[in-house]
Amino acid sequence: MTEFRRGPALNKLMRVIHSYSSMLVLVLLLFFAITGITLNHPDLLYSKAGQLSSQQVLSLPEPLRYSSLPESEPQQAQIAAQFRDWLSTEHQVKASVFSYMFEPDDMVLELDFKRPAGYATAIVDFSANTAELELEFNGYLALLNDLHKGRNAGTSWIVLIDVTAVACIIFALTGFWLILKQPSRRSMGNSLAMLGIFISLFAYILSLH
């Protein structure tokens, strides 16, 4: 009797997991499917809508004016962090990836901000107490495509992609399990699975010619 009940209970659990895993990633699955098409056809869907580019020269505030630059890495990192916070707060320069390079002899600091579909660079001249800021945004289609690839999207978005992938794996495997447990649909399900494998291999072989 225990074995008899275990099968239906397991099937019910699989249905619950299958249903809710699909709902968990419903929007994200649609997002990655649609952006997969836009990535696959960049020439057909290329658009300049929303592209922005700007350059400006900023005057450094008094607390960020230095007459000499330190040689030690910790002190340089602290100064770079001050400029990152200033640009983020006062000039809305946001980015997922941040790097910097000091040239103490020339009294120059170069800041590099990378983000999906764009970047920002700031070249700080301490001799003139100015910062030359350049902003570039390649449009909303490029933004969606870069998010699909996780390009310069930051740790949290990378984690979200991984979670989505795991949920899709669970969704696929539980669906396969449920098909196997339904004799009336098992044959058709197995045939479609084999057809999918064949189509994938055939498309790959064709791509080599």
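The values are calculated or read from the model by the stated rules, or taken from the named source; none is laboratory data. Nothing here was measured: the structure is a model prediction, and the numbers come from that model. In this analysis, Cβ positions are derived from the backbone assuming ideal geometry, glycine residues included, and neighbour counts consider all displayed protein chains. In case anyone asks, the SASA skips ligands and DNA or RNA and just uses the protein heavy atoms, side chains included. Shrake-Rupley method; radii C 1.70, N 1.55, O 1.52, S 1.80 Å.
Give the calculated FRET efficiency between LEU30 and LEU180 to the nearest 0.05, with a Förster radius of 22 Å applied to their Cβ-Cβ distance.
0.25
Is the C-alpha gyration tensor of the stretch 139-209 telling us rounded, prolate or oblate? Criteria: a/c under 1.5 is rounded; beyond that, a/b larger than b/c is prolate, otherwise oblate. Show your work: numbers first, answer last.
Working: a/c = 3.67, a/b = 1.57, b/c = 2.34.
Verdict is oblate for the stretch 139-209.
Can you compute log10 of I(q)/I(0) for the stretch 13-120 with the Debye formula, treating each Cα as one identical point scatterer, at q = 0.12, 0.23, 0.24 Å⁻¹?
Taken in order of the listed q values, log10 I(q)/I(0) reads -0.68, -1.32, -1.39.
Can you find, among TYR140, TRP177, ALA167, the residue sitting farthest towards the positive end of the charge dipole of the stretch 119-179, where Lys and Arg contribute +1 and Asp and Glu -1 at Cβ?
About the Cα centre, the residue reaching furthest to the positive side is TRP177.
So how far apart, in nm, are the two label points at THR121 and SER187 if each is 7 Å from Cα heading toward Cβ?
6.6
Could you give the accessible area per residue of the chain, probe 1.4 Å, as a whole number in Å²? Write down the numbers at each step before the final one.
Values: 14020 Å² over 209 residues.
For the chain, the solvent-accessible area averages 67 Å² per residue.
Under the rule of at least 5 residues apart or a separate chain, name every residue whose amide H is placed under 5 Å from the amide H of VAL93.
So VAL93 has HN proximity to SER88.
How big is the dipole moment of the chain about its Cα centre under a simple scheme where the beta carbon of each Lys and Arg is +1, that of each Asp and Glu is -1, and everything else is neutral? Debye, nearest 20, please.
About 2320 debye.
For ILE37 and SER67, what does the FRET efficiency come to when R0 = 41 Å and r is the distance between their Cβ atoms, rounded to the nearest 0.05?
So, using R0 = 41 Å, E works out to roughly 0.15.
I'd like to know how the stretch 82-168 sits against the 2.2 N^0.38 Å rule of thumb: what's its Cα Rg over that expected value?
Normalised Rg, Cα atoms only: 1.31.
Anything in the chain that counts as a DSSP H helix reaching 20 Å or more along its axis (C-alpha) with Kyte-Doolittle mean of at least 0.5? List them, would you?
Passing helices, by number: 26-40, 155-180, 183-207.
Can you tally the lysine pairs in the chain where the Cα-Cα distance is under 28 Å and the two residues are eight or more apart, or on different chains? Working shown, then result.
Numbers: LYS12/LYS181; LYS48/LYS94; LYS48/LYS114; LYS48/LYS149; LYS94/LYS114; LYS94/LYS149; LYS114/LYS149.
Value for the chain: 7.
To the nearest 10 Å², what's VAL163's accessible area with a 1.4 Å probe?
We get 80 Å² for VAL163.
Calculate how large, on average over all directions, the projected area of the Cα convex hull of the chain is; give the answer in nm² to one decimal.
19.5
Relative to 2.2 N^0.38 Å, what does the C-alpha radius of gyration of the stretch 59-103 come to as a ratio? Two decimals please.
Working it through for the stretch 59-103, the quotient is 1.19.
What percentage of the solvent-accessible surface of the stretch 54-158, computed with a 1.4 Å probe over protein heavy atoms, is contributed by carbon and sulfur atoms?
Carbon plus sulfur share of accessible area: 49 percent.
Using the Cα centre of the stretch 56-209 as origin and beta-carbon charges of +1 (Lys, Arg) and -1 (Asp, Glu), tell me which of THR89, GLY150, PRO63 is placed farthest towards the positive end of the dipole.
GLY150
Let me spell out the model: positive unit charges on the Cβ of Lys and Arg, negative unit charges on the Cβ of Asp and Glu, origin at the Cα centre of the stretch 98-151. What dipole size does that give, in debye rounded to 20?
On the way: 4 positive and 10 negative charges, 115 e Å.
That gives a dipole near 560 debye.
Say R0 is 35 Å: what FRET efficiency, to the nearest 0.05, do TYR204 and ASN11 get from their beta-carbon distance?
The calculated FRET efficiency here is 0.50.
Given labels modelled 7 Å from the Cα in the Cβ direction, how far is it in nm from SER156 to VAL57?
Inter-label distance under the simple model: 3.7 nm.
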